[in-house]
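The structure under discussion appears below in the form of structure tokens.
The values are calculated or read from the model by the stated rules, or taken from the named source; none is laboratory data. In this text the structure is predicted, and so the values were computed from the model without any measurement. So basically every Cβ, Gly included, is an ideal-geometry build from the backbone, and we count neighbours across all protein chains shown.
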Amino acid sequence: MKVKRILAAVLAAMMIISLVACGSSSSTKGSVYWLNFKPELDSTLQQLAKKYTEAKKIDVKVVTPESGTYDTTLAQELNSKNPPTMFVLNNAQDVDKWQEYTADLKETSIAREIKSDEYSLYDDAGKLAAIGYCYECCGIIVNSDLLKMIEYKVEDIKNFDKLKEVVEYIHKNASWLGFDAFASTDFDSDNSWKYTAHMANLEYFYEERDMSGWDECPESIKGTYMDKYKNLYDLVINNSIAKPEDLNKGGHDAEEEFKALGAAFYLNGSWSYASVKDSIKNAVMIPYYCGMEGEEKAGLCYGTENYWAVNGKVSEEDRKATTDFMTWLVSNEEASAALVEQLGVMPFKNAAASKNGFLNNATTPSGIQYYVMDWAARYQPDKDNYRAELTEALKAYNEDQTDEKWNKVKTAFVDGWAKHYKAEHE
């Protein structure tokens, strides 16, 4: 009996150990914490995170900082007790800045899904530090049906002079037409980047082209084409539904104004196609025409500033859980379709095909090979602070459109670049 009791106790202990081991096994599956860069993607990501958690029993958390605060939040979160396992880099200088936190993705499942290495970022040691997860285009979205009402065709707009003619005609006659030229793109943190990054890209692109392209962030820029940037900027703010000083105050919803047929033009990008297409059947996107010679062959601003990185300082289990989740996002039919609907195109072998009408015409809008305006704005140094200072200068100009105020815009645009570059490299 004594032997049996001992044996029973041993067996019971073994069962407890086994149960503990099983519990330990389930707890070592790892978890995912994605610090998301794109506010407009948050709702979709929350749904996908929930779906993945339910299906795989892996905890997935998605946190989306307020627009314009991503870099600050990333710095704080990477040094927190429970840091993100997955975060977003915008360019090569971000790789340098955060290289101690980036895992090498070369031998991971997500790396095997990459369609083209064109959208990969490597550090100086050859580590695959980040993978581009989408590419996009931006420009001026046009309701071609509204143009037809005033006997214009969107195909007629091939340069700044024609754009200016159409825009100013609409704005002058908005009261009886029933719609204005541009929707009200505000200068709050949710929208100001449309002026300080996307529209600003036209100046960077043409300056970069003069230098045969940039491979990395230059120490300084010249502002050679600031007059071209000003051409388009003035046209937009002075021919919008809201007055320039009211754009500073915020509170407008440019997309809703555009979808409600209140404006013929709308500043945005390919990510807005999904929400616009149901309301505006014949919406098309045209380039940032600004008065450059030969811009009749300008294509849309096209590229990416969105690269996935995995935190190399978290546990192996969390890294594995994270790359598995990333792989699911780009290869699962339903998940990738949901992302592509929002993002436009994902450069992975098994991702859903794009149905984005803006992206599909990004480089050949009329069947002619146009030159692509690449995403030179991705090189902006310390982008959150650089853009914030430029926004404040632009807002001051909106209130008082004098040469003195514009010179301060040029200072923030050009001298601000050198200042923030220096601060990042000290």
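Among the residues of segment 325-342, not a single one is at negative phi, assigned to a helix (DSSP H, G or I) and outside the structural domain of residue 74 (by TED's automatic domain parsing). Each residue in segment 211-234 was checked for being over 22 Å from residue 420 (Cα atoms) and at pLDDT below 95, and 1 pass. Look at segment 185-203: where a residue is at negative phi and at pLDDT 95 or above and a partner is surrounded by fewer than 23 Cβ atoms within 10 Å (Cβ to Cβ) and β-branched (Val, Ile, Thr), sitting 6+ places away or on another chain with Cβ atoms under 7 Å, you get 187/391; 192/391; 196/391. In segment 63-117, the qualifying residues are those that are over 26 Å from residue 217 (Cα atoms) and among the small types (Gly, Ala, Ser), and the one that is surrounded by the fewest Cβ atoms within 10 Å (Cβ to Cβ) is 80.
Against the condition outside the structural domain of residue 78 (by TED's automatic domain parsing), surrounded by fewer than 18 Cβ atoms within 10 Å (Cβ to Cβ) and not in a helix (DSSP H, G or I), how does residue 355 come out, does it pass? Here the answer is yes, as residue 355 does meet what is asked.
Considering each of 269, 251 in turn, give the residue that is in contact with a Gly (Cβ under 8 Å, 6 or more places away or on another chain) and in the same structural domain as residue 400 (by TED's automatic domain parsing).
Going through 269, 251 in turn, just one is in contact with a Gly (Cβ under 8 Å, 6 or more places away or on another chain) and in the same structural domain as residue 400 (by TED's automatic domain parsing): 269.
Among the residues of segment 394-418, those that are buried (at least 16 other Cβ atoms within 10 Å of the Cβ), within 24 Å of the chain's Cα centre (by Cα) and within 17 Å of residue 204 (Cβ to Cβ) comprise 394, 409, 412, 413, 414, 416, 417. Against the criterion of being part of a strand (DSSP E or B) and outside the structural domain of residue 95 (by TED's automatic domain parsing), residue 166 does not qualify.
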